[in-house]
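The values are calculated or read from the model by the stated rules, or taken from the named source; none is laboratory data. What you see is a predicted model; the values in this text were computed from it and never measured. All Cβ positions, even for glycine, are placed from backbone atoms using ideal geometry, and neighbour counts span all protein chains on display. Note: accessible area is taken over every heavy atom of the protein model, side chains too, but ligands, DNA and RNA are not part of it. Shrake-Rupley method; radii C 1.70, N 1.55, O 1.52, S 1.80 Å.
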Amino acid sequence: MTESACGLPLGDDAAFAAFIRAVDMEVKTIGTDEQAVTQAVARHLRTWFESGITIPEPLRRPNEDHYVMYPMYVAPDSSFSIASAVWNVGQKTPVHDHGTWGVIGIVAGRERERRFVVDPSRSNGLRELGEGYLQPGDIEVCCTTDQDVHSVAAASDVPCVGIHVYGADIGSLPRRSYSEEDGSCKTFVSAWAHAE
């Protein structure tokens with residue numbers, strides 16, 4: 001039986017265990033080529049989705065106050081992590097970066113993503129590049145360290161649940177958030193949520 005990083009059983013999920021092994025192999029084999037590793041991880045994530053992905057209810061549960069990320073797996077060397085990310089209806093993130101690569105797949109709900117680039121010539125230091133929506137089953141490379149600034153919101157009348165795979169332990173990695181109003185920037189760590 002496979003167990004999540006927060007100790008919850010994930011059932012006899014051979015597909016999840018295979019996904020962990022595949023990502024581990026790609027990270028070790030490809031190394032620092034973020035374009036190659038994200039494309040490989042996206043292929044493996046699609047295979048996992050096609051096998052019938054299952055996330056236990058506690059790892060799909062929204063927090064009433066803010067979005068949450070539950071750890072499903074964190075590599076022992078922190079070279080990658082797999083999270084269940086949950087936004088309740090109406091919740092959104094601030095504009096933020098990741099400091100690493102990332103691949104996401106939507107399990108339930110609908111996600112709205114707004115992409116930005118840091119632009120010192122703008123009064124708030126940001127230029128919006130556009131927005132897009134992801135539906136259940138959609139998989140995309142959400143970031144590489146050179147294309148890394150966005151905000152995310154639930155855009156459906158049910159919570160948005162996604163699988164996020166990052167090239168670090170995202171629950172302990174210092175990152176930056178950006179104010180859309182005044183351009184201020186602060187460092188934060190989006191600590192892992194604890195499923196109950």
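Could you tell me whether region 155-166 includes any residue that is on the phi > 0 side of the Ramachandran plot, in contact with an Asp or Glu (Cβ under 7 Å, 6 or more places away or on another chain), open to solvent by less than 50 Å² (accessible area, probe 1.4 Å) and not acidic (Asp, Glu)? Explain how you work it out, then say what you get.
Going residue by residue through region 155-166, those that are on the phi > 0 side of the Ramachandran plot are none.
No: zero hits.
Hey, among the residues in region 8-22 that are part of a loop (DSSP other than H, G, I, E, B) and touching a helix residue (DSSP H, G or I) at 6+ places or on another chain (Cβ under 8 Å), which one's most open to solvent (accessible area, probe 1.4 Å)?
First pass over region 8-22, keeping only residues part of a loop (DSSP other than H, G, I, E, B): 8, 10-13.
From what's left, touching a helix residue (DSSP H, G or I) at 6+ places or on another chain (Cβ under 8 Å): 8, 10.
On the way: LEU8: 38, LEU10: 15 Å².
Only one residue tops the list, namely LEU8.
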> List the pairs whose first member sits in region 179-190 and is within 19 Å of ARG115 (Cβ to Cβ) and modelled with pLDDT under 90, whose second member is part of a loop (DSSP other than H, G, I, E, B) and among the basic types (Lys, Arg), and whose Cβ atoms are under 8 Å apart, counting only residues at least 6 apart or on separate chains?
Replying inline: GLY183/ARG122
> In region 23-53, what residues are of a type in the set (Ser, Thr, Tyr) and either surrounded by 12 or more Cβ atoms within 10 Å (Cβ to Cβ) or under 15 Å from the mean Cα position of the chain (by Cα) (or both)?
Replying inline: THR38, THR47, SER51
> Assuming SER84 fulfils every condition listed in (1) crowded, with 21+ Cβ neighbours inside 10 Å; (2) at pLDDT 95 or above; (3) out of contact with any Lys or Arg (no Cβ under 7 Å at 6 or more places or on another chain) apart from one, which condition is it?
Replying inline: (3)
> Just checking, how many residues over region 68-86 are in contact (Cβ under 8 Å) with a residue 40 or more places away in the chain and either in a loop (DSSP other than H, G, I, E, B) or β-branched (Val, Ile, Thr) (or both)?
Replying inline: 8
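For the structure I just gave you, tell me whether GLU113 is open to solvent by less than 40 Å² (accessible area, probe 1.4 Å) and within 24 Å of SER179 (Cα to Cα).
Values: open to solvent by less than 40 Å² (accessible area, probe 1.4 Å): yes; within 24 Å of SER179 (Cα to Cα): yes.
It is true that GLU113 is open to solvent by less than 40 Å² (accessible area, probe 1.4 Å) and within 24 Å of SER179 (Cα to Cα).
For region 167-190, how many residues are of a type in the set (Ser, Thr, Tyr), out of contact with any Pro (no Cβ under 6 Å at 6 or more places or on another chain) and open to solvent by less than 40 Å² (accessible area, probe 1.4 Å)? Before the answer, list the steps.
Filtering region 167-190 for residues of a type in the set (Ser, Thr, Tyr) gives 172, 177-179, 184, 187, 190.
Filter once more, so that each one left must be out of contact with any Pro (no Cβ under 6 Å at 6 or more places or on another chain): 172, 178-179, 184, 190.
Keeping just the survivors that are open to solvent by less than 40 Å² (accessible area, probe 1.4 Å) gives 178-179, 190.
Looking only at that region, the number is 3.
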>> Which condition from (1) modelled with pLDDT of 95 or more; (2) in contact with a Cys (Cβ under 9 Å, 6 or more places away or on another chain) is the one that ASP138 breaks?
In response: (2)
